[in-house]
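Just below is one structure, and these are the notes that go with it.
Laboratory data are not the source of any read-out in this text; all were calculated from the coordinates shown. In this text the structure is predicted, and so the values were computed from the model without any measurement. Positions of Cβ are generated from backbone atoms using ideal geometry, with glycine treated the same way; all protein chains shown enter the neighbour counts.
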Amino acid sequence: MAQTQNTGQITRRDFLKIIATSVATAAITSAIMYSGLSGIFKEGSKRYTDTQTPYTSTPEPKTEIVTITKTTTYTQPPVTKTETETVTKTVTKTETVTETKTETLTKPSPTTTTTTTVQSPRTLEELLFGNSNLEFTVLEILDAKIVGDNAILSVESRYTRNKAVIEIPLRYLSRGDINIANIFSRVKEYNSYNKGNYSVYFVLGRANVNKAIELDDKWILPASNIYYNIIISDKDVYNIVETLKKGKALALMPMSEDGPYPYSVWGGSNQLKNDYNSDSIIIVYQNGQQVNEAKNAIKLASYILGKPNDKNPTSYGILHVDTVATVDYKGKYENGAPIFTVKDYKGTIILFIPDKGNPYVSD
């Protein structure tokens, strides 16, 4: 058997193995290197981007969406109106702002109108007396004028406060040259000159007033069938007339001549002269104020008659100055005149005495 010697030569087969091995090794190495370098590059790129070129986002244009919701609530009464307005704004994609606006308006309660029908008085009696049981009423004369043969009076009831225009024949409201129209005008003049507070009143009894007829906005009184007085006073006429009518007081007729005693004047009385057989009496008042009231009424009556400074205007029989009071008899004066002291003083009035007519009260 022949022996084979290794001479250091590489066979073709071995060479090819070596080449194949080298190629494989190189391929593996290249793959490994590529893979590592690639990872390093990518990681580095990421760091570079974060640190060197900061990311800046450009916001999109703001988009605003507005939603308005109104809620109206009414409550009765009063009416309360509540309005709620909701505004929703959307800014970009992440910001939402909600605004709530509330307005409360209070309106007054609805006006309720109640209509009450009041029946107007149908007769003069209803107009002046109302639904009362009064036996008489006091009418203040607001104006007086003469039209032909009639007196036209504008009056106001002191009880009902209703006003009326009444017509009555002039002869029932006049005596001689004195009538209701010039009485009314002269009282106004006297008040103006002397700062007085006198009024002229038409005192009307209830009897037969319902027979008055309304014509052309005037009430025509049945003059011959009614009972009335014309009284001038600055006092409560109703109480004075009621006292006289019921006989609870007397009518004393003072003069302006002073009597022999303090607060006294000379006078007369239709109601006392027959009992004491004397035309003259002495009236003793309680104080100076009562004396002044009597003398002022005398002065006014004299002025109306056109006889200023007359001490006894009552003597003419047209205007009677009457002090209405209860009295006590105190005896006789040296000339025989009875003396009366005033006990319960009601006031001093002027009573007009016309040519015709039925007086409600007399003195």
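So here's what we get for this one:
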quantity	calculated
ILE168 vs. criteria part of a strand (DSSP E or B) and surrounded by fewer than 16 Cβ atoms within 10 Å (Cβ to Cβ)	no
Residue under evaluation PRO260, criteria (1) under 39 Å from the mean Cα position of the chain (by Cα); (2) surrounded by fewer than 17 Cβ atoms within 10 Å (Cβ to Cβ); (3) touching a residue at least 60 places away in the same chain (Cβ under 8 Å), criterion not met	(1)
Answer residue from segment 224-235, given it is within 26 Å of LYS188 (Cα to Cα) and among the aliphatic types (A, V, I, L, M) and is surrounded by the fewest Cβ atoms within 10 Å (Cβ to Cβ) among those	ILE231
Pair list, Cβ under 7 Å, 6 or more apart: segment 335-349 residue without any contact (Cβ under 8 Å) to a residue 24 or more places away in the chain, other residue charged (D, E, K, R)	LYS343/ASP328
Residue check, PRO359 without any contact (Cβ under 8 Å) to a residue 12 or more places away in the chain and either more than 16 Å from GLY268 (Cα to Cα) or surrounded by 21 or more Cβ atoms within 10 Å (Cβ to Cβ) (or both)	no
